[in-house]
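FYI, it's all coordinate maths here, none of it is from the lab. For clarity, every value in this text was computed on a predicted model and none was experimentally measured. Positions of Cβ are backbone-derived with ideal geometry, glycine not excepted, and every protein chain shown enters the neighbour counts.
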Amino acid sequence: MRDASGKLTTVHANLALILLEEPVQDVAPPPKLADSEARLDEPLITVGYGNDESGAALYGERRFNTSRVVSLPGDRERIFLSPPGQLLYQDDSGGPCLRESPQGDVLVGVSNRGLNNESICLSTYFHREWLTKQLLEATQPK
């Protein structure tokens, strides 16, 4: 939801599953879903595209940022990242928040920047039952 000036005021479950008619060729495999929630002070890597702090467009330029978890979701789905109030790459939502592991990157959340001045990831672990069900149904033969 946006206020009269167009600023985001609320966000909920910024998730979607897109089914393609045929596989995309020559791309890296997607990261696995996290089998545990984010941990306090854990570093997460956010990847995506968006504006920089001056509002200058960086479209077409992939970027990444490492932030630390400063607040856990508890009964909510939002993971707050440090530094609080970080405006770098504002208005960039939908990119992955990844945990590095020896087995490869793991999807812990989805970036949800642009809501006020908060750096937020939406927890995929919080929604793991729905995500697992949707992914299983998508891979079943029709």
Pseudo-spin-label distance V27 to S5, built 7 Å along Cα→Cβ, given in nm, is 3.6
Residue separation times 0.36 nm, minus the C-alpha to C-alpha distance between L135 and R63: what's the value?
23.2 nm
Step through the residues of the range 29-37 one at a time and calculate ³J(HN,Hα) from phi using the Karplus curve (6.51 cos²θ - 1.76 cosθ + 1.60, θ = phi - 60°), rounding each to whole Hz and writing x for Gly and Pro.
x, x, x, 6, 6, 5, 9, 8, 6
